[in-house]
Amino acid sequence: MREIDHFIVGGSGAHAGRVSNVFDPNTGAVQAQVALGDAALLDRAVQNALAVQPEWAATNPQRRARVMFEFKRLVEANMQELAELLASEHGKVIADAKGDIQRGLDVVEFACGIPHAMKGEYTLGAGPGIDVYSMRQPVGIGAGITPFNFPAMIPMWMFGVAIACGNAFILKPSERDPSVPVRLAELMQEAGAPAGVLQVVHGDKEMVDAILDHPSIGAISFVGSSDIANYVYQRGAANGKRVQAMGGAKNHGIVMPDADLDRVVADLSGAAFGSAGERCMALPVVVPVGEGTAERLIEKLLPEIASLRVGVSSDPQSHYGPVVTAEHKARIEAWIGKCADEGGKILVDGRGFTLQRHENGFFVGPTLIDHVTPAMSSYHNEIFGPVLQIVRAADFEAALELPTKHQYGNGVAIFTRNGHAAREFAARVGVGMVGINVPIPVPVAYHTFGGWKRSGFGDTNQHGMEGVKFWTKVKTVTARWPDGSIDGGNAFVIPTMG
Ligand code: NAD
């Protein structure tokens, strides 16, 4: 059995400790076991990080940027191998796995501009003989705790920026698909980052708690489900750390009567069923505005869904592959049943789907459910599977209210030809990321990613300048170099600059 070890300086040593199974979701078979670390192992990683971080922070920013350039080159050179490895543990199709890696590389590319992004501010002559300047300095040791669904992109969102800023970084990836994060850390070292700048520790709640409690870790970035995000935020903040914690989602796609329905159906199909719906920016709820729109939309959606090809992740013909585990498959199927019990009308039922010669794989067929209402728990909760729920809205105001009142506020999309409606919607909707005729509005790397309400705890987003802010502390210096003729004034009064 393949063993997936931690990636820490000096090696993890013999570990007779706990392990967790890593499946191939295509076959249902256990393909590897990952070591689950504890507080003692984390402390070794932290000591390694402490030993190297001052030297890394003192490396001038253009040299740190060159390491990021080289890392990007190496990841690109290994793209196929990484994508295959990712797909084999996650289950997403290879082309989508490449997209996962590429979206992370986009952030690394942004981080290549770190010399510019970290520049401070300077005010000459803020007072008599007084200049004021600010500088950004790394937090020190940063940690990232990441979910299974983007095992390349989300770690790179975090460590791409954190390392470029001069931090040492400890990554705790999902224990369900931990191999690609380890490969990325190997490549970072190969790119020239000193050993200890990027380490990977594996584990579950025990390791997460150790990270939240370790006194030498200054900032923690978390992405995962909302209850755990909230827990990480509360415990990390109570320990005096800087914490950003992104949570779950239930994104709505509003379809106005004037929308180009052929385009909408193509967009919805990819956004609802791509990656088996296991994306925090998927569109699992569609809101047609007006009964006529609903009927026309369903008429076009049904053949589109019938044409979807569910298959193994290595098959280039597959639109999407299996979900991550048998438990998750069972959970998705239970939500479909619950939605029907609550009064939803199942138009396409993906339960009980099996793929020939892969009968034990964790496949779920595409599912479409009509007449879903805000009163249903299956609407209120995240299903995170290839399930599209239709919530009919009478008019624009009713449609706007749905995502605004929902407990999650990650992403939302409106499909319309009416610029005024789109503008009004973007301004008023209570959600963090808005798409206008864009089904998955994940912002580009130099903008910033983050949801509202239970989709995001803490106040700083991922990547872009928000990422630079999160991974750095500002120091402001007030310097006086008087020429001798300036009267220092009364030292017992709060100084003013006149
Ligand atoms: P998860 O919450 O189960 O796990 C996330 C991380 O938390 C993992 O590293 C896991 O090991 C750790 N963890 C699990 N249980 C824990 C516990 N009890 N205490 C402390 N740590 C624990 O999430 P997942 O299933 O891996 O990922 C899917 C979820 O992530 C979905 O809810 C999805 O919406 C969300 N997500 C959000 C975003 C975003 O940016 N908002 C992006 C991707 C995924």
*Which cross-chain or sequence-distant (5 or more) residues have an amide H under 5 Å from the amide H of I4, H modelled 1.01 Å from N in plane?*
Q33, V34, A35
*asked:* What does the extension gain come out to for N60 and L347, with contour length at 0.36 nm per residue minus their alpha carbon separation?
replied: 97.4 nm
*Return the distance in nm (one decimal) between the two label points of a simple spin-label model at R357 and T476, each offset 7 Å from Cα along Cα→Cβ.*
6.6
*Is it possible to state the helix-based mean residue ellipticity at 222 nm for the chain, with each DSSP H run of 4+ residues giving -39500 (n - 2.57), the sum divided by total residues, to the nearest 500 deg cm²/dmol? What is it?*
-12000 deg cm²/dmol
*To the nearest 20 debye, what charge dipole does region 100-151 have about its Cα centre, counting +1 at the Cβ of each Lys and Arg and -1 at the Cβ of each Asp and Glu?*
80
_Going by Cα centres, region 271-346 and region 69-99 are how many Å apart?_
25
*How large is ³J(HN,Hα), in whole Hz, for each residue of region 302-314 in order, when computed from phi with the Karplus curve 6.51 cos²θ - 1.76 cosθ + 1.60 and θ = phi - 60°, using x for Gly and Pro?*
4, x, 4, 5, 4, 8, 5, 10, 8, x, 5, 5, 7
*Quick one: if you stick a label point 7 Å off each Cα along the C-beta vector at R331 and N21, how many nm between them?*
1.7
*Reachable aspartates and glutamates, given that their alpha-carbon falls under 13 Å from the alpha-carbon of K300 and they are not under 8 places away in the same chain*: D260, D262, D267
*Taking the Cα atoms only, what angle lies between the long axis of helix 94-111 and the longest principal axis of the chain, rounded to 10 degrees?*
20
*Roughly what % antiparallel, to the nearest 5, for the DSSP beta bridges in the chain?*
45
_Percent of beta bridges antiparallel (DSSP, region 252-436, rounded to nearest 5)_ = 15
*region 362-498 - share of DSSP beta bridges that are antiparallel (%, nearest 5)*: 30
*For helix 39-58, report the angle its Cα long axis makes with the longest principal axis of the Cα atoms of the chain; keep it between 0 and 90° and round to the nearest 10°.*
60
*Student exercise, the chain dipole from Lys, Arg, Asp, Glu Cβ charges, in Debye to nearest 20*: 760
*In the structure shown, do any of K453/K475; K405/K473; K72/K250; K205/K329; K72/K92 have a Cα-Cα gap over 28 Å, and if so which?*
K453/K475; K405/K473; K72/K250
*Which value, in Å to one decimal place, does the Kirkwood hydrodynamic radius take for region 252-436 when every pair of different Cα atoms is included?*
16.5
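FYI, it's all coordinate maths here, none of it is from the lab. This one's a predicted model, so the numbers in the text were calculated from it and none came from an experiment. Note that each Cβ is placed from the backbone with ideal geometry, even for glycine, and that neighbours are counted across all protein chains shown.
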